1. Name the helices (runs of 4 or more DSSP H) wholly inside segment 150-194 in which the number of residues that are of a type outside the set (A, V, I, L, M, F, W, C) and in contact with a strand residue (DSSP E or B) (Cβ under 6 Å, 6 or more places away or on another chain) is 2 or more.
2. Give me a count of the residues in segment 67-96 that are assigned to a loop (DSSP other than H, G, I, E, B), small (Gly, Ala, Ser) and under 15 Å from ILE18 (Cβ atoms).
3. Based on this model, can you work out whether ILE85 counts as touching a His at 6+ places or on another chain (Cβ under 8 Å) and either crowded, with 20+ Cβ neighbours inside 10 Å or at pLDDT 85 or above (or both)?
4. Given the options SER47, SER14, name the one that is more than 24 Å from the chain's Cα centre (by Cα), at pLDDT below 90, on the phi < 0 side of the Ramachandran plot and of a type in the set (Ser, Thr, Tyr).
5. Restricting to segment 193-209, name every residue that is buried (at least 18 other Cβ atoms within 10 Å of the Cβ) and out of contact with any helix residue (DSSP H, G or I) (no Cβ under 6 Å at 6 or more places or on another chain).
6. Condition check: within 24 Å of PRO221 (Cβ to Cβ), surrounded by 20 or more Cβ atoms within 10 Å (Cβ to Cβ), of a type in the set (A, V, I, L, M, F, W, C) and free of Cβ contacts under 8 Å to residues at least 60 places away in the same chain. Does VAL360 satisfy that?
7. Test each condition in (1) of a type in the set (S, T, N, Q); (2) touching an Asp or Glu at 6+ places or on another chain (Cβ under 6 Å); (3) at pLDDT below 95 for SER246 and report the one that comes out false.
8. Using beta carbons and a limit of 7 Å, which pairs, at least six apart or on different chains, have the first residue in segment 280-298 and within 14 Å of GLY162 (Cβ to Cβ) and the second one aliphatic (A, V, I, L, M) and assigned to a strand (DSSP E or B)?
Amino acid sequence: MKQSTNNYYQELKSALDIIEVARGLLPERITYSHADKLYMDCPMHNSTSKRSLVVDGTRQLWNCFGCGLGGDLIQFVQFANTGKITHGTPLSASHKEARDFLALRANLPPLQELSPELAKKMEDERAEREKISSVFADVVYFFHNKAINNGDVLNWAHEKWGFTQEAFERFSLGYSDNEGLTDYLDKRGHSLADIAMTGAFSFSADRSSLFPLLKNRIVFPFFSGGQIVYLSGRQTPWTPDDDFNSGKKYLKLMLKSEKHPDVSELIRNDYFFNEDTLRRRIEKIVITEGIPDAVALEMNGFPSMSTATVKVPTGIEKRLKHLLRETPKIYVCNDTEDSGIGINNAIETGLMLERAGLDVRIIELPMAGGFDE
C-alpha cells in the first residue's frame with residue numbers, strides 16, 4: 001500500500017476515534033461519560049474527583065489536569081503506556097510504538113515498512129507539525145485568557161453574535177491583545193524560527209524579534225484531527241485603523257512564499273472551521289459562510305462548520321467532499337445580501353456536493369431589515 005508524505009499521520013488519526021481507543025486501553029479507568037467526552041481516573045496519580053483525565057471526542061484531544069499533560073491520539077497511547085508524551089525529533093521509541101499500535105488498528109502498514117527515505121520524510125513532517133501545533137496551542141491559550149478577562153470584548157461579542165463565555169470556552173476563542181505575547185512564548189521554550197513557521201508573526205528587519213500579525217481581533221482557532229492548524233482574526237472596534245488592517249474584516253495567516261520564506265509549507269488555508277465536529281456521529285450538518293454563524297449554531301445544538309468564505313475555492317472542493325462523505329444530510333447556508341452573491345454561491349456549493357452523491361439542501365435566510373439593510 002502506498003502512502004504519501006502528506007497523509008500517513010492524517011489517515012491514521014482519521015481512521016480511528018480517540019474515544020474508542022481510550023475505552024479499549026483504559027476501560028477500568030472510565031468513571032463518567034457525557035456526550036462526546038470521557039472522564040477518567042488517571043492511572044498516573046491519585047485523584048479525589050476520579051475525573052482528572054478528560055478525553056474529548058469532538059476535538060480528538062485529551063488532557064489530564066493532574067499531570068498537566070495532553071495531546072492527540074498518538075500521545076494518548078504514549079501516555080497510557082508510559083505516563084509520558086514526547087515531541088520533536090528524533091522520534092522516541094514510545095512514539096513509534098504508539099504509532100504502530102494505531103496503524104495496526106487502522107489497517108495501515110507500519111511506517112518502517114515503507115522506504116527509509118519516505119519514512120524519514122513523514123517523521124520529519126510530523127515533528128514540524130507538532131512544533132507548529134505547540135506554538136498555536138500557546139498562542140490560543142494566551143489570547144483566550146486575554147478575552148475572558150476583558151469585559152468589553154465579551155460584551156461586544158455577546159451583542160454582536162450572542163456569544164456567551166461558554167462559547168469562548170468551548171471553541172477556545174480569544175482576543176489578540178498582544179501585550180506580553182512574545183515574552184510568554186519565549187518562556188514556553190519556543191524559538192523565534194518555530195514561532196515564525198506559524199505564519200502568525202513577521203520578523204523584524206534585523207531578525208532579532210517578531211511582530212504578531214493579528215492585532216485586537218477576535219481569534220478563531222481551526223482544529224483538524226485534534227490539532228490547531230490555523231487561525232483567523234475578526235475585526236473589532238479596537239482593531240487598528242491603519243493601512244494594513246483597514247477594510248479587512250477577517251485577517252488570515254501568511255502562507256509560505258518568496259515574501260514569507262519563514263512560514264512552514266504545512267500552513268495551508270484549506271481547513272474548515274469546526275471541521276472536527278464531523279468526527280461525531282451526526283445525522284446532519286449546516287455549512288455556513290461565516291465563522292460566528294457556525295459557533296452560534298453549535299451552541300444551540302445544530303452541528304455546524306464554516307467554509308469561512310462565500311465561495312468554496314476549486315482547490316479545496318475535493319477535501320470538502322471527502323470530509324462530508326459519511327454525513328447523511330447537508331445544509332448550506334450563506335449570508336444574504338441584496339446582490340444575491342451569497343445564495344448564488346450556496347447553490348453552486350450545493351450542486352458541487354450533490355454531484356458527489358451527497359444529500360444537500362440550501363437554506364436562504366430572510367434579510368433582517370429588508371434589502372435596504
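The values are calculated or read from the model by the stated rules, or taken from the named source; none is laboratory data. None of the values given here were measured: they were computed from a predicted structure. Neighbour counts run over all protein chains shown; Cβ positions are idealised from the backbone, glycine included.
1. In segment 150-194, no matching helices (runs of 4 or more DSSP H) lie anywhere.
2. Going through segment 67-96 one residue at a time, the tally reaches 0.
3. Criteria not met by ILE85.
4. Answer to the selection: SER47.
5. Result: ALA196, GLY199, ALA200.
6. The answer is no for VAL360.
7. Failed condition: (2).
8. The qualifying pairs are ALA294/MET305; LEU297/VAL286.
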